[in-house]
Amino acid sequence: MRFLEGVRIALSSLRAHKLRSFLTLLGVIFGVMTVVAVAAVIEGFFRYVDRTVTADLGANTVLLDKYGITTSFDDWINANRRNKDITLSDVDYLRERMTLAQYVGAQSFSNGEVRSDTGKMTNVTIKGNTPNMVFIDSSQPDLGRYINDADNEHRRNVAMIGVEIADKLFNKREVVGQEFKINGLPFEIVGVAKERGTSFGQSQDDFVIIPLSAHQKMFGARASLTVSVKGYDGANLQDVQDQVRMLMRARHKLNYSDRDTFGFVTADAINNFVQALFGLVAAVALGVTSISLVVGGIVIMNIMLVTVTERTREIGIRKSLGARRLDILTQFLVESTTLSMVGGLIGLGLAYGISLLLVKFSPIPAELPVWAAFLAIGVSSGVGIVFGIYPAWKAAKLDPIVALRAE
């Protein structure tokens, strides 16, 4: 009952002194709101990266290329010098020998200019894909079709385009059968991909997919390929990667102690890299924003000291009626904790509103995790306890006779 009584007194104090209560809780409200909003953005970013990377790479898929994940320009230079180009013969070698792979596809990437009679775009991503990438690629046809075996075999100038290409070149999306030009060469549109939207404000629909053979005819066959290896359903992705590594090391005639002359890209590897890169930044951001909680706690301690002074006579009456020091200490601790928790709940509500606004009106991903709600309540309660101890202790040690004389 002492706890409930303390909560009731704290809420009564909030109602009786609305402006003072608002100013008292402002620091905690702002602190909790900032910390939770930052946590929501960080969590949303990590989840967004996870979903985007998985969607881009394809489910249960390992990418094999010349570089792998490089974290510096020097690493890229070293990989470019040491590693061998991935060729079509490597793709055929893997396709013939892989036992854990359902599909082994290949891609080559270039940038080019695309134009029609009514529009032009520069620096567009031109992908040269093998036909079986339709089973791996995240870009799937919405209208028309993907490139097929006949297109690749005969080096046909056909393309599946992203919706942004259709919109900007033709001002419409039903463009299957129409012609446009890539670097001045005519191509027939055989498909329009499903819209994928934006990623951090950047369009994911400004691409052109053509047969790999046509891409090599246009841009040359010497560029290193990116190989997508999709494992069978239920296959362990690490086992798939290990089998690719074993086969490629045998093909490149590497000794046991030699380093790989190729690289891998997986969703887990990218996510681990992103978390390692931004984890420290996230920790610092949360630490800096938490300073406002300390300020809020100091304000609460100040107000509780004022409250003790205002209620000195009340404390004397309670002690004269038999209240122990522990009872007085508990009462004021419950009051400070309740005040702080109310501020935390308000801050949590505001942070939730901010995360919704960020998602709706900006490219910033934000997802309020469940742990952030518990963090808000726990931290605000902790602030109330820590900064309420001294005022509560000061109230508990008051001499009842001196307190009764107070006016």
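Each value in this text was obtained by applying a stated rule to the coordinates, not by laboratory testing. Bear in mind that the values here come from a model prediction, so they are computed numbers and not experimental data. Note that each Cβ is placed from the backbone with ideal geometry, even for glycine, and that neighbours are counted across all protein chains shown.
For segment 84-261, what does the alpha-carbon gyration tensor say about shape, rounded, prolate or oblate, given a ≥ b ≥ c as the root eigenvalues, a/c under 1.5 as rounded, and a/b over b/c as prolate? Here segment 84-261 falls in the prolate category. Of the beta bridges in segment 84-261, as assigned by DSSP with both residues counted there, near 75 percent are antiparallel. Rounded to the nearest Hz, the phi-derived 3J(HN,Hα) couplings of segment 245-252 under the Karplus curve 6.51 cos²θ - 1.76 cosθ + 1.60 (θ = phi - 60°) are 4, 4, 5, 5, 5, 5, 5, 8, where x marks glycine and proline. Report note on the peptides 109-115, 32-38: ranked by the mean count of other C-beta atoms within 10 Å, highest first, their order is 32-38, 109-115. Set the bar at 22 Å for Cα to Cα. Now go through K84/K253; K66/K230; K230/K253; K172/K217; K66/K127; K217/K253 and name every pair that lies beyond it. Correct reply: K230/K253; K172/K217; K217/K253. Taking amide H as placed 1.01 Å from N in the peptide plane, the amide H of K194 sits under 5 Å from that of Q140, D142, each at least 5 places away or on another chain.
Once backbone amide H atoms are built at 1.01 Å from N, I69 has F264 as its partners under 5 Å, excluding neighbours fewer than 5 places away on the same chain.
For R155 and K397, the difference between the fully extended length at 0.36 nm per residue and the C-alpha to C-alpha distance is 78.0 nm.
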